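This report concerns only the one structure given below.
The values are calculated or read from the model by the stated rules, or taken from the named source; none is laboratory data. The structure displayed is predicted, hence computed values, not measured ones. Here the Cβ positions follow ideal geometry from the backbone for every residue, glycine too, while neighbour counts run over all protein chains shown. The area values use the complete protein model at the heavy-atom level, side chains included, leaving out ligands, DNA and RNA. Shrake-Rupley method; radii C 1.70, N 1.55, O 1.52, S 1.80 Å.
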Amino acid sequence: MSDKELMMNAHKAYDNSYAPYSNYRVGAALLCEDGTIFTGCNIENASYGATNCAERTAMFKAVSEGHRDFVKIAVEAHDGSTAFPCGICLQVMNEFMPQGTVVLEKQSEIVCYKLSELLPHGFTL
């Protein structure tokens, strides 16, 4: 699957976002090693600590369905800003795709980063 196709899946995913507090809707599309795609959106809560990012939603859906090997994840915000993953999401990505790629949109262009570029000192057990 091309990066553009994966990004289109992320774009569709943010339509389901629940973001009444920030109005910052984000979608993610996760590509598994076997070609399966899982999507996720951000889901906010009045208790901000209970909020879940789009990236973790997609990853947790995949893990809950028995998938563990991920290749790349595309992330897109509805407002066109570059939706860099937060630190918690990067650490979760490090658990399941330490050699993976993060696909983002920057000024209408698709850019790719190795996870290790965004989280150079992630930890594992």
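Give me the pairs: first residue in segment 1-30 and more than 18 Å from residue 103 (Cα to Cα), second residue hydrophobic (A, V, I, L, M, F, W, C), beta-carbon distance under 6 Å, and six or more apart or on different chains, which are they?
16/41; 17/41; 18/43
Restricting attention to segment 76-96, does a residue exist that is more than 11 Å from the chain's Cα centre (by Cα), surrounded by 14 or more Cβ atoms within 10 Å (Cβ to Cβ), in contact (Cβ under 8 Å) with a residue 60 or more places away in the chain and in a loop (DSSP other than H, G, I, E, B)?
yes
So if I check each of 16, 9, 42, which one is surrounded by 15 or more Cβ atoms within 10 Å (Cβ to Cβ), touching a Phe, Trp or Tyr at 6+ places or on another chain (Cβ under 8 Å) and among the polar types (S, T, N, Q)?
42
So residue 99 clears everything in (1) assigned to a strand (DSSP E or B); (2) surrounded by fewer than 22 Cβ atoms within 10 Å (Cβ to Cβ) except one condition, right? Which one?
Looking at each condition in turn, residue 99 falls short on (1).
Determine which single condition residue 121 fails, assuming it passes every other condition in (1) at negative phi; (2) open to solvent by less than 70 Å² (accessible area, probe 1.4 Å); (3) assigned to a loop (DSSP other than H, G, I, E, B).
Looking at each condition in turn, residue 121 falls short on (2).
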